[in-house]
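Report on one structure; see the data block that follows.
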Amino acid sequence: PSLQFFEGKELRLKQEYFVVAATLQDIIRRFKSSKFGCRDPVRTCFETFPDKVAIQLNDTHPALSIPELMRILVDVEKVDWDKAWEITKRTCAYTNHTVLPEALERWPVSMFEKLLPRHLEIIYALNQMHLDRVAALYPGDIDRLRRMSVIEEGDCKRINMAHLCVIGSHAVNGVARIHSDIVKNSVFKDFYELEPEKFQNKTNGITPRRWLLLCNPGLADVIAEKIGEGFITDLSQLKKLLDFINNESFIRDVAKVKQENKMKFAAYLEEQYKVKINPSSMFDVQVKRIHEYKRQLLNCLHAITLYNRIRSDPAKTFVPRTIMIGGKAAPGYHMAKMIIKLITSIGEVINNDPYVGDKLKVIFLENYRVSLAEKVIPAADLSQQISTAGTEASGTGNMKFMVNGALTIGTMDGANVEMAEEAGEENLFIFGMRVEDVETLDRQGYNAQEYYERLPELRQAVDQISSGFFSPRDPSCFRDVVNMLMYHDRFKVFADYEAYINCQGQVDQLFMDPREWTKKVIKNIACSGKFSSDRTITEYAQEIWGVEPSATKIPPPNLPRD
């Protein structure tokens, strides 16, 4: 199904209920059969349920856990309604993953009437309790009741699953600090005013076993040689590398590992995709789902701008680049598919222009998946994290690149903010509007035309796309893309173009000084320890689930447990 876009499909609702119902039956079966702290031959008292069970709602997809648990407690186990509600809230916690309104699950009430009538009754009752409480606290504030209701009135009455998750959980969190602030100050502002203690942040992390040891053994060895192997289970120990930032042999070793990874990936690309690339060029990589908010189009505009600069002065020395863009488009997302088409079309022109030679290549990495990520990330020099500020909840690719020795060009969005805080803003290439600037521009009204007229290089690139320069056999091929950029671009690509191009100039400058570049790489690796999933999970355990984490090894799934 398409990420970041909600389609109200009946099959999807059936799937969500199926997996929730099966999981809850299993949870309750296990709760009843464990006699711990209970004298009944079969446990029937649910008082201790939240002490034994935590249900973490990973986005709104398992939101039906809330009414389903209520249904089981009240209808099947005959628990008193208010007691059941207390148990449910203490058991459930909700993690929000997106602020894009079109991605939020809002199911038609009519679908619930047909498929899940009892759950609809329960949701109505929970909503009534919730609204009674709000009305008591804010008498006469009818608009607040409308904003906070789980049921959205309108042509088609809908159930807002995110609101259901918030009222049915004892903790609500975002996945990076800036995202959690947006959750509190805009997405769930009214709910935050009602129960501020509910809202937390849990910055995402990545597992260093897969994303360092397994995919980049060369780098892991060079690190272990200097600081031992403790970092494998305690990534904060990477801080010890700060002592070696000026160590010449370490600088050489880190650069050597990167060069080896680049040679290996270049060989892979040649073998798999029959493309020859220059392994001494800068490997400039943007790999993630194709989406307008992630702004692969901004990357395209930079590629075209570089191409035009080479064409207008072929004798000038250019820092050679291989721009790689990879990712999948959701099946029904037309604009995302057009973005892929544009990337491949730009590549076709640039890669076959004799004036360009091996100064610039543009490559679309097809079928991007974990196994390909494990190959490309260790080989990357530059990591592109260029979403419009306030749209990327966290991102985790950004962290994978950081720990693998790529430098980041990015906006102050998602976890980039905390990466810049950890490593120092001067050790990332930060550019563009901040969240406040985007809000200001929204109030003024964003006018793409203004940038198009003021910036000649931008105008040239856009004109080339719209005139069919990159699609000679179908000159109007990209008219939808250009039309979107010019007249209804919610993600303000042109507004960050100038800052982005200038920032890319700084990237080129530093890349020409390999020693200084590698020192920044070491600084980034040394400061990436915060972004371990071990730290993230420890925080969930202590601050949401109320358990002490342990580092006990669990047997692999193919071995029987004791």
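The values are calculated or read from the model by the stated rules, or taken from the named source; none is laboratory data. None of the values given here were measured: they were computed from a predicted structure. A quick note on method: Cβ atoms are made from the backbone with ideal geometry, for glycine too, and the neighbour counts reach across all protein chains shown. The area values use the complete protein model at the heavy-atom level, side chains included, leaving out ligands, DNA and RNA. Shrake-Rupley method; radii C 1.70, N 1.55, O 1.52, S 1.80 Å.
Taking every residue in the stretch 440-467 that is open to solvent by less than 60 Å² (accessible area, probe 1.4 Å) and pairing it with any residue that is assigned to a loop (DSSP other than H, G, I, E, B) and basic (K, R), at least 6 positions away or on another chain, the pairs with Cβ-Cβ distances below 9 Å are L441/K492; Y446/R490; Y446/K492; A448/K492. The set of residues in the stretch 510-544 being open to solvent by 70 Å² or more (accessible area, probe 1.4 Å) and within 24 Å of D243 (Cα to Cα) consists of P514, R515.
Among the residues of the stretch 377-432, those that are over 18 Å from the mean Cα position of the chain (by Cα) and assigned to a helix (DSSP H, G or I) comprise P378, A379, E421, E422, A423, E425, E426, N427. Reported count of residues in the stretch 309-343, each being assigned to a helix (DSSP H, G or I) and open to solvent by 20 Å² or more (accessible area, probe 1.4 Å), is 9.
Return a yes/no flag: does the stretch 444-458 have any residue that is within 17 Å of K294 (Cβ to Cβ) and not in a helix (DSSP H, G or I). No, the stretch 444-458 contains no residue that is within 17 Å of K294 (Cβ to Cβ) and not in a helix (DSSP H, G or I). Where residues in the stretch 261-297 are among the polar types (S, T, N, Q) and outside any strand (DSSP E or B), which of them is farthest from L407 (Cα to Cα)? Ranking the qualifying residues of the stretch 261-297, first place goes to Q272. Checked against the criterion of being out of contact with any helix residue (DSSP H, G or I) (no Cβ under 9 Å at 6 or more places or on another chain) and farther than 30 Å from G414 by Cβ, the candidates D143, D75, D80 yield just one match: D143.
Before we move on, is R210 on the phi < 0 side of the Ramachandran plot and either outside the structural domain of P50 (by the TED database) or open to solvent by 50 Å² or more (accessible area, probe 1.4 Å) (or both)? Steps first, answer last, please.
Details: on the phi < 0 side of the Ramachandran plot: yes; either outside the structural domain of P50 (by the TED database) or open to solvent by 50 Å² or more (accessible area, probe 1.4 Å) (or both): yes.
Yes: the conditions hold for R210.
Contact map, the stretch 258-275: residues that are over 20 Å from I525 (Cβ atoms) paired with residues that are in a helix (DSSP H, G or I) and of a type in the set (D, E, K, R), Cβ distance under 8 Å, separation 6+ or inter-chain. Pairs shown: Y268/K375. Here V547 clears all of (1) surrounded by fewer than 19 Cβ atoms within 10 Å (Cβ to Cβ); (2) in the same structural domain as L455 (by the TED database) except the condition numbered (2).
Residue under question is K262, and the condition is that it be among the basic types (K, R), within 25 Å of D353 (Cα to Cα) and at pLDDT below 95; does it hold? Step through it out loud before you land on a result.
Values: among the basic types (K, R): yes; within 25 Å of D353 (Cα to Cα): yes; at pLDDT below 95: no.
So K262 does not fit the description; no.
Only one entry in G140, G168, G205, G218 is under 22 Å from the mean Cα position of the chain (by Cα), of a type in the set (G, A, S) and either at pLDDT 95 or above or not assigned by the TED database to the domain that holds T88 (or both), namely G205. The residues of the stretch 468-509 that are without any contact (Cβ under 8 Å) to a residue 24 or more places away in the chain and either under 27 Å from the mean Cα position of the chain (by Cα) or open to solvent by 20 Å² or more (accessible area, probe 1.4 Å) (or both), listed by number, are P472, R473, D474, P475, S476, R479, V482, N483, H488, G505, Q509.
Each residue in the stretch 412-429 was checked for being touching a residue at least 60 places away in the same chain (Cβ under 8 Å) and in contact with a strand residue (DSSP E or B) (Cβ under 7 Å, 6 or more places away or on another chain), and 4 of them qualify.
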